[in-house]
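Below is one structure. I have some questions about it.
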Amino acid sequence: MSKKNNQNDQSGSFVEHLTELRSRLIKSFSFLIFLFIVCYFFSTDLYRFLVQPYADAVLAENLDRRLIFTALHEAFLTYLKVAFFAAFFISSPLFFSQLWKFIAPGLYKNEKQALLPYLIATPTLFTLGGCLVYYLIMPLAIKFFLGFETIAEPGVIAIQLEAKVNEYLSLVMRLIFAFGISFQLPVILSLLARIGIIDSEYLRQRRKYFVVIIFAMAALLTPPDPITQIGLALPLLLLYELSILTVKFIEKKEDA
């Protein structure tokens with residue numbers, strides 16, 4: 001009889017956990033939808049913010065350029081993308097906080113102390129990656145691409161950039177996500193170290209392989225130009241070296 005009661009208690013506890021998880025997911029997605037609606041009303045301002053690196057590069061070169069759209073629905077869909085991108089970016093801390101509230105009651109105090117820095121580091125590193133794209137990589141890349149324009153001369157047709165709204169903003173958002181996700185490298189490596197899969201000596205001995213992997217990732221995640229590829233690879237190399245120091249610190253702390 002007691003065995004049956006234990007099974008019923010376990011089943012009830014499992015259902016309660018699923019109910020709590022569903023409730024927190026509903027809250028997160030409801031907040032995401034609410035932010036999406038709010039961000040859509042400010043989509044014009046968000047669009048101007050994302051386009052500013054292109055505008056600054058064009059003005060710096062004293063060029064008369066514009067962004068175009070070639071389909072009737074293209075601008076509308078672009079504003080929807082911008083609104084969803086901003087809503088997802090803003091609501092991500094809430095999602096992580098709901099995830100933390102779900103798993104925290106089942107953790108010991110030392111486990112909470114171990115996981116909490118990762119929940120703080122993840123959005124922080126993602127934001128740093130996005131800022132690097134917006135304030136450094138995109139201006140350099142735009143200036144690089146504008147360098148391929150040619151002026152009209154006798155017998156030579158001018159080659160000028162007329163970027164499409166959708167393609168430009170898709171590129172910016174893709175790069176922000178690529179850099180933000182790639183900047184999670186220290187978080188991933190330190191978590192692997194905590195569960196015993198890797199250690200600092202393993203990372204040091206295989207540094208040359210990781211260098212090749214990092215440059216291959218940069219080539220896959222960025223456009224085919226040296227500015228963005230090197231702009232992603234170099235910070236990742238620095239983060240990899242930082243990961244080695246972080247893993248070494250974790251090992252010393254566990255030994256102590």
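Each reported figure results from applying straightforward, stated rules to the coordinates on display, with no laboratory input. All of these numbers come straight from a predicted model, not from anything done at the bench. Neighbour counts are summed over all protein chains in view; Cβ atoms, including those assigned to glycine, are modelled from backbone coordinates with ideal geometry.
What percentages make up the Cα-Cα pair-distance distribution of the range 2-183 when the bins are 10 Å wide from 0?
Per 10 Å bin, starting at zero, the Cα-Cα P(r) for the range 2-183 comes out as 8, 24, 27, 17, 11, 7, 3, 1, 0, 0 percent.
For I68, list long-range residues whose amide hydrogen, built 1.01 Å from N in the peptide plane, is under 5 Å from its own amide hydrogen.
A163, K164, V165
Pick out, from L125, L67, A83, the residue whose Cα sits farthest towards the positive end of the charge dipole of the chain, with +1 on the Cβ of Lys and Arg and -1 on the Cβ of Asp and Glu.
Positive-end residue among those listed: L125.
So, one more: Lysine pairs in the chain with alpha-carbon atoms under 21 Å apart, 8 or more places apart or on different chains: how many are there?
Lysine pairs satisfying the spacing and distance rule in the chain number 11.
If a helix is a whole DSSP H run, which ones in the chain reach 24 Å or further along their own axis (Cα) and hold a mean Kyte-Doolittle hydropathy of at least -0.5?
2-41, 43-60, 74-103, 109-132, 165-182, 226-255
Arranged by the count of other C-beta atoms within 10 angstrom, fewest first, what order do I33, I214 take?
By the 10 Å Cβ count, ascending: I33, I214.
Subtract the Cα-Cα distance of E251 and F34 from 0.36 nm times their separation in residues, and report this length gain in nm to one decimal.
73.8 nm
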